[in-house]
1. Please count how many residues of segment 1-31 are farther than 26 Å from LEU104 by Cα and either among the acidic types (Asp, Glu) or open to solvent by less than 30 Å² (accessible area, probe 1.4 Å) (or both).
2. Suppose we filter segment 482-505 for residues that are under 26 Å from the mean Cα position of the chain (by Cα) and either open to solvent by 10 Å² or more (accessible area, probe 1.4 Å) or under 14 Å from ASP546 (Cβ atoms) (or both); how many remain?
3. In segment 348-365, is there at least one residue being modelled with pLDDT of 85 or more, of a type in the set (A, V, I, L, M) and in contact with a Cys (Cβ under 9 Å, 6 or more places away or on another chain)?
4. LYS396 passes all but one of (1) open to solvent by 70 Å² or more (accessible area, probe 1.4 Å); (2) at pLDDT 85 or above; which number fails?
5. Of everything in segment 240-281, what is buried (at least 18 other Cβ atoms within 10 Å of the Cβ), in contact with an Asp or Glu (Cβ under 9 Å, 6 or more places away or on another chain) and assigned to a strand (DSSP E or B)? Give them in sequence order.
6. Assess whether ILE84 counts as being among the aliphatic types (A, V, I, L, M) and either under 16 Å from THR502 (Cα atoms) or open to solvent by 40 Å² or more (accessible area, probe 1.4 Å) (or both).
7. Cβ-Cβ distance below 9 Å, separation of 6 or more or different chains: which pairs start in segment 86-105 with a residue that is part of a strand (DSSP E or B) and end on one that is polar (S, T, N, Q) and open to solvent by 60 Å² or more (accessible area, probe 1.4 Å)?
8. Would segment 51-64 turn up any residue that is closer than 23 Å to HIS153 by Cβ and crowded, with 17+ Cβ neighbours inside 10 Å?
Amino acid sequence: MSNLDTLPIEIIYQILTNLDQETILFQFGYVCKRFYSIIQTYNRYKLNFQSISKIKFHILCQRIRLENIISLTLSNDQQTPEQIKLFLSKFQIEQFTRLQSLTLIQIDEDDFHRIFQSNQSNLQSLTFSFSQEPVLQSKIFSILSSSNIRTFHFDTTLPKIIDFPWPKQSRIQTLHLSTSLSFQQVQMILSCSKQLKKLVLNDCYINESIENATIDIYPQVLSLTLHDTELDRNGCEFILSKLPSLEYFYIMGGDGLADGSFWEKIIKTILLNLKTFEFAFWGDTNIPIENSNDLESAVVSFRTSFWLEEKHWYAVCYYFRQMDNYSIYSLPISKSNINFYSNKEKILYSTRPNWTVNSLMVNKVRDMTINLTKLMNLDNKVIDSLTYPYFRKLNKLNLSVETWTLGSTDYLSVFINLFSIVELSLTFDCRTEHIFDSIDDIKYLFRQTSHLRCLTFYNYNYRIDHTRMICSIVPDHVRSLRLPVWNTDEMRMIIEHLPFLTSVRFDNMDESENLLEEFISWILEKRKGSSYRIHRNQYLNIWLFDQRIK
């Protein structure tokens with residue numbers, strides 16, 4: 001401790017840049033008087049209020065010095081409903097004089113316009129999504145004309161949101177969009193964004209022909225990512241012909257794109273500067289697949305000297321027997337979310353010699369879906385060859401369960417680092433009494449997922465009272481719970497029996513408006529300071545306040 005205490009303040013500041021806000025303010029600052037003094041002057045705080053408990057939210061709001069904040073994340077999602085409005089009741093965004101990055105999740109339109117009623121000249125990065133379709137859409141893009149924003153991330157499914165003219169002198173260097181676009185709109189954005197280096201299009205569906213497109217090229221763009229694109233080969237070739245300077249290219253798409261010969265031609269003739277090519281393709285097979293030798297034909301076009309010797313770019317192909325389709329991934333696998341199937345349900349073939357699944361090849365996978373019952377029925381032996389889990393950075397796990405087989409948790413821990421799981425979804429397709437038979441094993445799973453914070457129970461096929469069972473198994477390290485309910489009595493039981501929760505979402509509400517209002521009055525009285533949001537009488541989100549939650 002004495003050595004750390006005597007370090008120059010510049011080095012301590014550098015250490016603080018690697019710590020999260022809560023560690024700095026609630027732990028580091030209370031080690032000694034010098035550290036407490038240092039955190040008062042430290043001026044590079046990055047406050048992320050997503051998923052925070054309400055008591056910590058209020059404490060942080062009291063302790064922070066607004067002029068020391070450079071990054072701010074606010075969220076109205078299911079864990080923190082109405083957070084943005086509450087924050088704006090305490091502060092004006094103009095008070096954050098050094099704010100460089102702002103993220104607004106599921107913001108209401110009136111709050112969005114309130115934030116941007118004045119020019120945020122220091123803002124360099126803006127990320128946001130709306131809770132519902134905004135009315136004054138033109139205001140969104142006018143912000144780009146009157147600011148120094150360099151990174152712009154807009155998450156929307158609104159089909160007409162890009163109909164407004166893009167700022168002619170956009171300073172954006174990194175752009176993320178989730179919407180359908182025409183070729184003309186893409187070209188408009190590129191022609192107005194002379195400083196754009198990185199372009200990411202999620203759910204990319206370009207909905208017009210290329211006949212009226214211009215012949216301009218845009219050499220400023222060095223990185224392109226197309227997630228879940230519906231482009232065909234002609235569309236891909238046309239867009240890439242406009243971006244000849246690409247050094248990085250990632251594409252995820254369907255039928256017709258899993259052709260190594262096509263991509264080899266594109267890279268040799270258009271993308272001469274390409275250094276990294278990552279892809280995830282899928283499609284249906286036209287030939288019967290019985291073993292890995294049969295599957296080799298699906299990736300033969302990725303086995304030329306160009307791929308293996310010149311570029312050293314390798315691929316792996318998975319064929320799924322039941323669905324009779326395949327997926328081809330570049331290695332290491334760059335897709336963040338995958339479905340996991342038993343060895344008996346799939347056949348694989350890789351162009352990489354002596355390839356085996358290992359942690360380096362799946363390091364980017366963060367979200368996995370598994371039918372646990374089917375997996376255990378087909379692969380009921382533990383994989384003895386593994387000495388450590390190869391999915392070591394997974395933070396979200398979705399389990400579908402029909403029958404909870406003894407030893408399921410131990411089996412999962414063989415190839416998944418359960419310690420890293422933060423979000424867990426359980427879908428039980430069985431009667432409640434069958435779940436009761438597996439209570440001890442389910443509790444064992446929760447003990448292994450000690451970092452679990454968000455737990456979801458999806459709809460049952462059987463409408464049986466399950467609330468008491470849920471109350472008996474939810475561990476006290478869980479902070480956010482989502483589950484289906486059918487009456488306010490069940491909702492009250494959850495609140496009363498699980499006092500450690502900081503947020504809860506009730507789905508499939510089937511109560512009258514009067515009973516729901518009565519429940520809300522009860523919760524606001526029992527947990528004073530809580531806030532809530534009802535979505536079209538389909539679900540209720542509550543951000544709970546309780547002095548016992550620290």
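1. Just the residues of segment 1-31 that are farther than 26 Å from LEU104 by Cα, to begin with: 1-15, 27-31.
Those left that are additionally either among the acidic types (Asp, Glu) or open to solvent by less than 30 Å² (accessible area, probe 1.4 Å) (or both): 5, 10, 12, 28-29.
Residues in segment 1-31 being farther than 26 Å from LEU104 by Cα and either among the acidic types (Asp, Glu) or open to solvent by less than 30 Å² (accessible area, probe 1.4 Å) (or both): 5 in total.
2. Residues that pass the stated criteria total 7.
3. Yes, segment 348-365 contains at least one residue that is modelled with pLDDT of 85 or more, of a type in the set (A, V, I, L, M) and in contact with a Cys (Cβ under 9 Å, 6 or more places away or on another chain).
4. Evaluating LYS396 over (1) open to solvent by 70 Å² or more (accessible area, probe 1.4 Å); (2) at pLDDT 85 or above leaves (1) as the failure.
5. PHE249, TYR250, ILE251, MET252, GLY253, PHE281
6. Numbers: among the aliphatic types (A, V, I, L, M): yes; either under 16 Å from THR502 (Cα atoms) or open to solvent by 40 Å² or more (accessible area, probe 1.4 Å) (or both): no.
Here the answer is no, as ILE84 does not meet what is asked.
7. SER101/GLN124; THR103/ASN48; THR103/GLN50; ILE105/GLN50
8. Start the filter on segment 51-64 by keeping residues that are closer than 23 Å to HIS153 by Cβ, which leaves 51-52.
From what's left, crowded, with 17+ Cβ neighbours inside 10 Å: 51-52.
Within segment 51-64, one or more residues are closer than 23 Å to HIS153 by Cβ and crowded, with 17+ Cβ neighbours inside 10 Å.
The values are calculated or read from the model by the stated rules, or taken from the named source; none is laboratory data. Note that the coordinates shown come from a computational prediction; the quantities given were computed from them, not determined experimentally. Here Cβ is always computed from backbone atoms with ideal geometry, including for glycine, and neighbour counts include all displayed protein chains. Only protein heavy atoms, including side chains, enter the accessible area calculation; ligands, DNA and RNA are left aside. Shrake-Rupley method; radii C 1.70, N 1.55, O 1.52, S 1.80 Å.
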